[in-house]
Amino acid sequence: MKICTDPSQMQSIALSLREQGKTIGFVPTMGFLHEGHASLIRIARSKCDFLIVSIFVNPLQFGENEDLDTYPTDHESDERLCTTEGVDLIFRPLSLYDTNHNTYVNVKQLTERLCGASRPTHFQGVCTVVARLFGLVQPNIAVFGEKDYQQLAVIRQFVRDLAMPIDIIGAPLIRDEDGVALSSRNQYLNPDQRIQAQTISQALFSVQAELKKTALDVHSIRQLVRQILDVDELDYLECIDPVLLVPVTNIDKPTRLLIAAWVGQTRLIDNILLEP
Ligand code: PAF
């Protein structure tokens, strides 16, 4: 497995692979890789000749008081995971933007609600880094997790709008044994907070189970979730159309239930598919 830290060298490698007719698969990450990332890597591995994983903690997608300075890293463990999963190349640049970088990718509408409401510059940062990574890595396919449900929808939109010839693949959310959605940020949680975090998936699963027995509207879903949730602050709890991401009031077709909540200083997100 190669490790490349230089953006122009990365692009030369990618262009030469494409010239040779190789299919490039890509999994962009911010490192501190876990089983959730491994599942994305496995999907990409099965669909390409050459698999690239990027590791870059992107300053542009963090707000002023967010955890950019404390975001966890572990290069050795990341390399082990990538070797085990058959990654061909890790792209781990120290910096990614030129000093006079002045182009930002801004997707409207989809980014204005949900996570975008409390993190107003977040998706612009995500789309800008993903666009630049796509330019450097030249992927045919790229895999993103459904855990960041809104991020996946926003990336699909910008790739479509900018006519990028890249197949965006969504991968199912992976949970720990206690139900908590896997996230690099889970390592901020102390044992008591971990128990609080479990109530998020417990609430989602209860709604899913209740829907199997009886019809529920969004009002009763909110009530049910609030009875179970034990978090420090609920950022949002929304039932949305899975494609358009607009709120629905009745669960009469497949719907996505999304939650963002604070446990201590940690903001956690989770979601589940609801079927009537
Ligand atoms: O999902 C993430 O880890 C990040 O938002 C991404 C897509 C790697 C962009 O920095």
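Considering region 95-147, the residues that are hydroxyl-bearing (S, T, Y) and more than 10 Å from the ligand (Cβ to nearest atom) include one that is nearest to K2 (Cα to Cα), namely S95.
Would you point out which residue out of A131, A142, A153, A117 is of a type in the set (A, V, I, L, M, F, W, C) and open to solvent by 40 Å² or more (accessible area, probe 1.4 Å)? Steps first, answer last, please.
On the way: A131 fails: open to solvent by 40 Å² or more (accessible area, probe 1.4 Å); A142 fails: open to solvent by 40 Å² or more (accessible area, probe 1.4 Å); A153 fails: open to solvent by 40 Å² or more (accessible area, probe 1.4 Å).
Only one candidate qualifies: A117.
Scan region 4-52 for residues that are of a type in the set (A, V, I, L, M), within 13 Å of the ligand (Cβ to nearest atom) and open to solvent by 30 Å² or more (accessible area, probe 1.4 Å) and the total you get is 1. D69 satisfies every condition listed in (1) surrounded by fewer than 20 Cβ atoms within 10 Å (Cβ to Cβ); (2) in contact (Cβ under 8 Å) with a residue 12 or more places away in the chain except (2). Of the residues making up region 148-164, just one is more than 15 Å from the ligand (Cβ to nearest atom), free of Cβ contacts under 8 Å to residues at least 24 places away in the same chain and either on the phi < 0 side of the Ramachandran plot or in contact with a helix residue (DSSP H, G or I) (Cβ under 6 Å, 6 or more places away or on another chain) (or both), namely R160.
The values are calculated or read from the model by the stated rules, or taken from the named source; none is laboratory data. Every value quoted in this text rests on a predicted model; they were computed, and no experiment measured them. Note that we place each Cβ from the backbone using ideal geometry, even for glycine, and neighbour counts take in every protein chain shown. Accessible surface areas use protein heavy atoms only, side chains included; no ligands, DNA or RNA. Shrake-Rupley method; radii C 1.70, N 1.55, O 1.52, S 1.80 Å.
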